[in-house]
Each structure stands twice: as C-alpha cells, then as structure tokens.
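*Asks:* To start, I am sharing the structure in question, which I have written as structure tokens.
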Amino acid sequence: MAVITSSQVINTGYAVLALIADAIVLLTLVFFLVSRSSLTLRERWGRFRDSVTPFALQIAWIVAVLATFGSLFLQYVEHFDPCDFCWFQRICMYPLSLLLGIAAFRGEIGAAKRYFIGLSGVGAVIAIYHYQLEHVPHETSVCGSAVPCNVAVINIFGFISVPFLSMAAFLLITTLLLVARGRSEEYDEEVDVIETTVEEGPGDDALPAPA
C-alpha cells in the first residue's frame, strides 16, 4: 500500500490550483476574442471587467504569495535546489509578492498595470521556456551541470512540474492585471462602445435624407 506524504498532498494541491489557473486564463482569452465580434458581447466583456476589477489585485497578490511559498517549500522542506531558470523566475515572482500587496492595499490598479505586468510577462516567458526544456530532448541549455534545468524534480499527473506551476501563476497574474480596468480605461471603453455604435449606422427610426 502506497504511503501518501504531506509533501505529496501539498504538491498535488498546487497542481490542481495550477490547472484551475490555466483554465481561467484560457476561458478569459476566449471570452475576450469572442467579445470582439459584436457590440452586445463587448458590453458583456466590459461588465465582466468591472466585476473583476475590485478583486484583481488582491487575487494576483495571493497567487504571487502562494507561488513564493511554494518555491520556498520545495527548496527548504523537500530540499530541491533551484536551477538557474528557477532563480530567474524567482527574481520575477518574489518582488510581485510584495509589490502587488502594496498596490492592492493602496488600490493602485494603474500603477500595477504599468510597472508590474512586465515582471509577470517576463516570468511567464521564462517559465514556458523552462518547461519545454524538460520535454524537448537533447536541447542545449545554459544551466550548469550541478542543478540541471531539463530534469523535472516533481511530476504530478504526468505533466505538471515546477516550471508548469510557475507558468500558471505568472499567466494568471498577467491576465488579472490586463483584465483589471484602470481609471483611464473606463473612459476609453465608453468611447470605444460609442464609436462602434456610430459605425453600425442609424436604426430604422432615423430621419430620411433630404432630396
């Protein structure tokens, strides 16, 4: 009978959260693309953004904190030394666990979108590259031989590894920051809806043009 350890439970819990995060990112992307097809769907997209905005920074901060604690758990509890690409991702994630908390407390959505989205975007790119290193054989890596980057230290459900968890966190944070509506975007959205209405032309009640 297999013995389930607390580490396995925690790792599996993080894996489930990563899958949920990826599903949210994918559904949000699909909703955004579909909303470009009509004025009604654009209005629904706007209402969706309005409903997410009050909680976007708080959720993004929680994601960053969980990712930070997860990386420390792997290093100091499970004793997995981080590779070079793990450190690069930490450089992007650790500041977010502090900065997003400050932004959420102050309600600085605009500042978060301007200054923090770069960190999450770069972190996502590094995580994606790191993840494919584990799955593309014989690919050249810049990592040292002491802690190789192309070896998965955990493997949950057959495909979830550390960079997959990192990628899910970065993508969800990026998505939340993009969806959250800053003050300037509220005006831009209204103008966009008005312009779209004008482009569709007047309705049946419009007055006929003079002869």
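*Asks:* Hey, can you tell me all the residues within segment 146-178 that are in a helix (DSSP H, G or I), touching a Ser or Thr at 6+ places or on another chain (Cβ under 9 Å) and of a type outside the set (A, V, I, L, M)?
*Replies:* Ser166, Phe170, Thr174, Thr175
*Asks:* Does any residue in segment 46-58 that is basic (Lys, Arg) come within less than 8 Å, Cβ to Cβ, of a residue that is surrounded by 15 or more Cβ atoms within 10 Å (Cβ to Cβ) and outside any helix (DSSP H, G or I) six or more places away or on a different chain, and which pairs are these?
*Replies:* As it stands, the answer is Arg49/Ala180; Arg49/Arg181, since those pairs meet every condition given.
*Asks:* A further question follows. So the check is Cβ under 7 Å with 6+ separation or different chains; which pairs have a first residue in segment 149-161 that's farther than 14 Å from Ile128 by Cα and a second one that's of a type outside the set (Lys, Arg) and in a loop (DSSP other than H, G, I, E, B)?
*Replies:* That search, which allows pairs on different chains as well, returns Val153/Phe80; Ile154/Ser161; Asn155/Ser161.
*Asks:* Quick one: is Ala21 assigned to a helix (DSSP H, G or I), of a type in the set (Gly, Ala, Ser) and closer than 14 Å to Leu172 by Cα?
*Replies:* Judged against the criteria, Ala21 is a match.
*Asks:* Which of the residues belonging to segment 69-99 are part of a helix (DSSP H, G or I) and touching a Lys or Arg at 6+ places or on another chain (Cβ under 8 Å)?
*Replies:* Matches in segment 69-99: Ser71 only.
*Asks:* Also, quick follow-up: In the set Leu74, Leu29, which member is exposed (fewer than 15 other Cβ atoms within 10 Å of the Cβ) and over 23 Å from Ala103 (Cα atoms)?
*Replies:* Going through Leu74, Leu29 in turn, the sole match is Leu29.
*Asks:* Does segment 84-91 contain at least one residue that is among the basic types (Lys, Arg) and within 15 Å of Val162 (Cβ to Cβ)?
*Replies:* yes
*Asks:* Also, quick follow-up: I'd like the full set of residues that are surrounded by 12 or more Cβ atoms within 10 Å (Cβ to Cβ), of a type in the set (Gly, Ala, Ser) and out of contact with any strand residue (DSSP E or B) (no Cβ under 9 Å at 6 or more places or on another chain), limited to segment 1-22.
*Replies:* Matches in segment 1-22: Ser7, Gly13, Ala21.
*Asks:* Scan (1) surrounded by 10 or more Cβ atoms within 10 Å (Cβ to Cβ); (2) out of contact with any Phe, Trp or Tyr (no Cβ under 8 Å at 6 or more places or on another chain); (3) modelled with pLDDT of 75 or more for the single condition Gly158 breaks and write down its number.
*Replies:* Looking at each condition in turn, Gly158 falls short on (1).
The values are calculated or read from the model by the stated rules, or taken from the named source; none is laboratory data. Please read these numbers as outputs of a predicted model, since none were measured by experiment. Backbone-built Cβ (ideal geometry, glycine too); neighbour counts: all protein chains shown.
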